[in-house]
Amino acid sequence: MKTGLLSTNEVANMLKVNESTVKRWTDKGSLRCIKTPGGHRKYKMKDVVQFMDTFSYDVTDLLVPAKEQMSKVNVSTDYAILTKDFKTLAELFYNTMLEGNRENTFQYLNLLYANRISQVEMFDNIVFPAFHRVGMKWLSGELRIEQEHLASNTALHAIFKLQDHITKKPKHGGIALCGCLEDEYHEIGITCVNNVLDTNGWTTLYLGPNLPAESFVDAIENYVPNIVCISTTAPKSQKQLLEQCGRLYETTRIIGAKLIVGGSGVSEKLKKKITADFIPTSIASVVSFVNSVVFTSTPKG
Ligand code: B12
């Protein structure tokens, strides 16, 4: 997917005017732009939306047609997408997944993706905050357990389905093994990590939740990955988690792989004790770490 700044030509197409008109508006100061070192004008989507809002253009024209399939999108949602108002978008995702309609939830994510919200932004800023809200509502008794289950399953389905619609980088040969250790059933974080790695050219092997440490060790030995990613959200016991991470770490050392341990189960205290190569706090931080790994380490198999 194309992301980032817009060219004068792209803005002209959006506003249905000539490039020279866009340049004139820019030079007059009505439309903000960034000048590249080479002197080219580049535009941020939010500045174009701001301009359209000021001059009463219909911002809905900017969205790609994926929205036709959504039942509940309205102008304020369109505006939230175009201005990357993640708070509003997370709220909408929360409402959509709680309804339990898998297709609508997928369509919502697809709409975001089609409108320049990257997969990483979507997970870190929309999906996870929505789930944290589910957790808070469940804790305060405002959501029932079956609603939490329905929301998680609906979201997981949509997240996997979206993966088939994402433009992926070519495979670079790196293998990533992703999963959760025994007694850990929270798999949304690791699913997102798995999918983002797949998008970034990794061959991912998804082991899912609740896998005993011995089987994880076997998987590392058999598939000889470059990176092993595990997620822990609510560890049953810190002692068990530390011990199991220790075993995985030893095995990754033998084959020359890197171990990444993520998830909100890694508290500040645990961070200091866990043996791992990287302990991320967001999906965004994983991407830069793993991209450096694939070119610097070759698994010993
Ligand atoms: C959905 C959910 C469930 C679902 C999970 C469904 C599924 N298929 O995944 C089900 C119903 C199974 C469930 C069960 C339970 N749950 Co629950 N659950 C949640 C909820 C609402 C969302 C979890 C989630 O996916 N969050 C999104 C994740 C991705 O966020 P994150 O862990 O913070 O991860 C971030 C980063 O660390 C990174 N990341 C995550 N993993 C990884 C991995 C790698 C490699 C990398 C690079 C990055 C990365 O990505 C995220 C971005 O910021 C949370 C609420 C919450 N606050 O999260 C409660 C919550 C986690 N659950 C909780 C509890 C208590 C339980 C149960 C014990 C309830 C019960 N009595 O049965 C069981 C335990 C099950 C078990 N043994 O694992 C508590 C945990 C409290 C605690 N700290 O111990 C929470 C916090 C709810 C609450 N507010 O109290 N749960």
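Starting from the exponent 0.38 and prefactor 2.2 Å, build the expected Rg for the chain from its residue count and divide its actual Cα Rg by it.
Normalised Rg, Cα atoms only: 1.13.
Using a cut-off of 28 Å between alpha-carbon atoms, which lysines can reach K16, once sequence neighbours fewer than 8 places away in the same chain are excluded?
K2, K28, K35, K42, K44, K46, K67, K72, K84
Under the 0.36 nm per residue contour assumption, what length would be gained going from the current alpha-carbon distance of S282 and T88 to full extension?
67.8 nm
Quote to one decimal, in nm, the extra length available between E250 and A114 on full extension: 0.36 nm per residue of separation minus the C-alpha distance between them.
That pair, E250 and A114, stretches by 44.8 nm at full extension.
Would you work out if segment 175-296 is rounded, prolate or oblate? Take a ≥ b ≥ c from the square roots of the eigenvalues of the alpha-carbon gyration tensor; rounded if a/c is under 1.5, else prolate when a/b is larger than b/c, oblate otherwise.
Rounded, because the longest to shortest axis ratio a/c is under 1.5.
Which whole-angstrom value gives the distance between the alpha carbon centres of segment 1-49 and segment 214-253?
49
Along Cα→Cβ, 7 Å out, is where each label goes; now give me the distance between the ones at Q50 and R24 in nm to one decimal.
For the pair Q50/R24, the computed spacing is 2.3 nm.
Would you mind checking segment 167-210 for residues with the amide N under 19 Å from a putative spin-label position 7 Å along Cα→C-beta of K42?
In segment 167-210, the label zone of K42 (backbone N under 19 Å from the point 7 Å along Cα→Cβ) covers no residue.
Mind checking the full-extension length gain between K161 and V224? Use 0.36 nm per residue of separation minus the Cα-Cα distance, one decimal, nm.
Computed gain between K161 and V224 is 20.0 nm.
For K273, list the lysines whose Cα falls under 20 Å from its own Cα; do not include residues on the same chain fewer than 8 positions away.
The reachable lysines, counting only those whose Cα sits under 20 Å from K273, are K236, K239, K258.
Loop-only trypsin sites (Lys or Arg not before Pro) in segment 147-183, please: DSSP not H, G, I, E or B, and at most 15 other Cβ atoms within 10 Å.
Sites meeting the loop and neighbour criteria: K168, K171.
Going by the alpha-carbon gyration tensor, a ≥ b ≥ c the square roots of its eigenvalues, is segment 65-163 rounded (a/c under 1.5) or, if a/c is not under 1.5, prolate (a/b greater than b/c) versus oblate?
It is prolate, given that a/c is not under 1.5 and a/b is the larger ratio.
Find, to one decimal place in angstroms, the Kirkwood hydrodynamic radius of segment 6-57, where the mean of 1/r is taken over every pair of different Cα atoms and then inverted.
For segment 6-57, inverting the mean 1/r across all distinct Cα pairs yields 10.8 Å.
Quick check: net charge around E19, other residues with Cβ under 11 Å of its Cβ, Lys/Arg +1 and Asp/Glu -1?
Taking every Cβ under 11 Å from that of E19, the sum is +2.
Could you work out how far apart the two model spin labels at S292 and E99 are, taking each label as a point 7 Å from the Cα in the direction of the beta carbon, and quote it in nm?
Label-label distance for S292 and E99, simple model: 4.3 nm.
If you count the DSSP beta bridges with both ends in the chain, what percent of them are antiparallel, to the nearest 5?
20
Let me have the 222 nm mean residue ellipticity of the chain computed from DSSP H runs of 4+ only, each contributing -39500 (n - 2.57), with the sum over all residues rounded to the nearest 500.
-16000 deg cm²/dmol
Throughout, read-outs are computed from the coordinates displayed, never taken from laboratory work. Nothing here was measured: the structure is a model prediction, and the numbers come from that model. Neighbour counts are summed over all protein chains in view; Cβ atoms, including those assigned to glycine, are modelled from backbone coordinates with ideal geometry.
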